[in-house]
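S.K.: Here it is: the structure, laid out below.
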Amino acid sequence: MIDMEVKDKPTIVQAPEGEKGEGFFLTSMSAAVGLARKNSLWPLPFATSCCGIEFMATMGSHYDFARFGAERVSFSARQADLLMVMGTIAKKMAPVLKQVYTQMAEPRWVMAVGACASSGGIFDTYSVLQGIDKVIPVDVYVPGCPPRPEQIIDGLMKIQELVANESIRRRYSPEYKELLASYGIE
Amino acid sequence: MTNEFVAENLQAFLGDALLHIEEPHGLLTIVVHRSRITDVLKHLKNSELNFIFLTDITGVHYPNYPQNELCAVYHLHNLEKNIRIRVKAFMPIENPTIDTATTVFRTANWMERETFDFFGIVFKGHPNLVRILNIDEMDYFPMRKEYPLEDGTRTDKDDSMFGR
């Protein structure tokens, strides 16, 4: 029989810092909500090219994206928390991407996966958007052409870090409002 | 049916409007005056030549050909005899107009929209000559050899970082 402490089991999420007592546990709202959000991110894959294929591998059993609580891929923007843009975004696609982003409910995060989504990549040309941050704000950039599944997972863990640690009221902060306003998103 | 037969037939049909004939890699290529393009396409399709399939329409920009800067290229295919032909028509860049082929081939509709989109060749008589692939707001014709290869609007890649 394997003798293993609960804290050693990788599938169990550690409780945030707080006061523990007989039948109660005290912590901050931000920490509790951040913990919940972090481990139940619903990604919306916006896959337009080869990075999307890498994402399929990432979702598969070998790399098992599900163990991060992200197995529920939301193909509706309304229920998604994390927009994952994977692939070349042509200038004609830019308004579509922006519309998908505005359809997402707060709180929302964006991950630019791969060189094209991050910077236009090799497509240094008239028809390609030179990075999705020209039209929507981006939280995490994953480099690579295409990135390996490990890199996509690393990107998700960076997003999780953000989700767990930022204020649950981020959307009301003047910085955030200013950021969205700079993209013309209300 | 051979290339010689097609060439003789077209020579008889077009006369002086047939400006040039060549056969690069065995593909019969004719240059016609742009005023006769609809006639020649109609003839190729409906006569015994039987080129019933319009494979593609595209454009070329030759900046060094004075008064012949833009070229519309038509590829046709005789499916029965498996013979292909290429028809070219040149036009000046100041007045890049040519008659539409949609009256002969319905499939020319989107091909001409694409050629207009990228080269700015105006197909007179086309039912809906608007951009098909690029963004509607684009105010230039990107495949013309008039622009730097890179997007001039970009701000993130400067020469000091990318060694250009």
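Residues are listed down the side, and each one gets a yes or a no for (1) over 17 Å from B:PRO92 (Cβ atoms); (2) out of contact with any Phe, Trp or Tyr (no Cβ under 8 Å at 6 or more places or on another chain); (3) of a type in the set (A, V, I, L, M, F, W, C):
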| position | (1), (2), (3) |
| --- | --- |
| B:GLN11 | yes, yes, no |
| B:GLU22 | yes, yes, no |
| B:LEU44 | yes, no, yes |
| B:LEU54 | yes, no, yes |
| B:TYR65 | no, no, no |
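S.K.: Just checking, does segment A:112-128 include any residue being under 11 Å from the mean Cα position of the chain (by Cα) and open to solvent by less than 30 Å² (accessible area, probe 1.4 Å)? Even if it seems obvious, please write down each step before you answer.
M.R.: So in segment A:112-128, the residues under 11 Å from the mean Cα position of the chain (by Cα) come out as A:112-113.
Pick out the ones that are also open to solvent by less than 30 Å² (accessible area, probe 1.4 Å) and you get A:112-113.
Yes, there is a match, as at least one residue in segment A:112-128 is under 11 Å from the mean Cα position of the chain (by Cα) and open to solvent by less than 30 Å² (accessible area, probe 1.4 Å).
S.K.: Something else now. Among (1) under 26 Å from A:ALA94 (Cβ atoms); (2) more than 14 Å from chain A (Cβ to nearest Cβ); (3) surrounded by 19 or more Cβ atoms within 10 Å (Cβ to Cβ); (4) not hydrophobic (A, V, I, L, M, F, W, C), where does B:ASP117 come up short?
M.R.: (2)
S.K.: Could you list, in sequence order, all residues of segment A:84-104 that are part of a helix (DSSP H, G or I), within 14 Å of chain B (Cβ to nearest Cβ) and either open to solvent by less than 70 Å² (accessible area, probe 1.4 Å) or touching a strand residue (DSSP E or B) at 6+ places or on another chain (Cβ under 9 Å) (or both)?
M.R.: The answer is A:ALA94, A:VAL96, A:LEU97, A:LYS98.
S.K.: Within segment A:140-159, which residues are open to solvent by 10 Å² or more (accessible area, probe 1.4 Å) and touching a helix residue (DSSP H, G or I) at 6+ places or on another chain (Cβ under 6 Å)?
M.R.: Within segment A:140-159, the first condition is being open to solvent by 10 Å² or more (accessible area, probe 1.4 Å), and the residues that meet it are A:140-141, A:143-146, A:148, A:150-151, A:153-154, A:157-158.
Across segment A:140-159, the qualifying residues are A:VAL140, A:TYR141, A:GLY144, A:CYS145, A:PRO146.
S.K.: Within segment A:47-66, is there a residue that is free of Cβ contacts under 8 Å to residues at least 40 places away in the same chain, surrounded by fewer than 17 Cβ atoms within 10 Å (Cβ to Cβ) and either of a type in the set (S, T, N, Q) or within 14 Å of chain B (Cβ to nearest Cβ) (or both)?
M.R.: The answer is yes; a qualifying residue exists.
S.K.: Does any residue of segment B:85-106 turn out to be closer than 19 Å to B:HIS126 by Cβ, open to solvent by 60 Å² or more (accessible area, probe 1.4 Å) and either under 11 Å from the mean Cα position of the chain (by Cα) or in contact (Cβ under 8 Å) with a residue 12 or more places away in the chain (or both)?
M.R.: Yes, the conditions are met somewhere in segment B:85-106.
The values are calculated or read from the model by the stated rules, or taken from the named source; none is laboratory data. Treat the numbers as computed from the prediction; the structure is a model and nothing was measured. Every residue, glycine as well, gets a Cβ built from its backbone with ideal geometry; the counts of neighbours run over all protein chains shown. When the accessible area is computed, the model is the full protein with side chains, heavy atoms only, and any ligands, DNA or RNA have been set aside. Shrake-Rupley method; radii C 1.70, N 1.55, O 1.52, S 1.80 Å.
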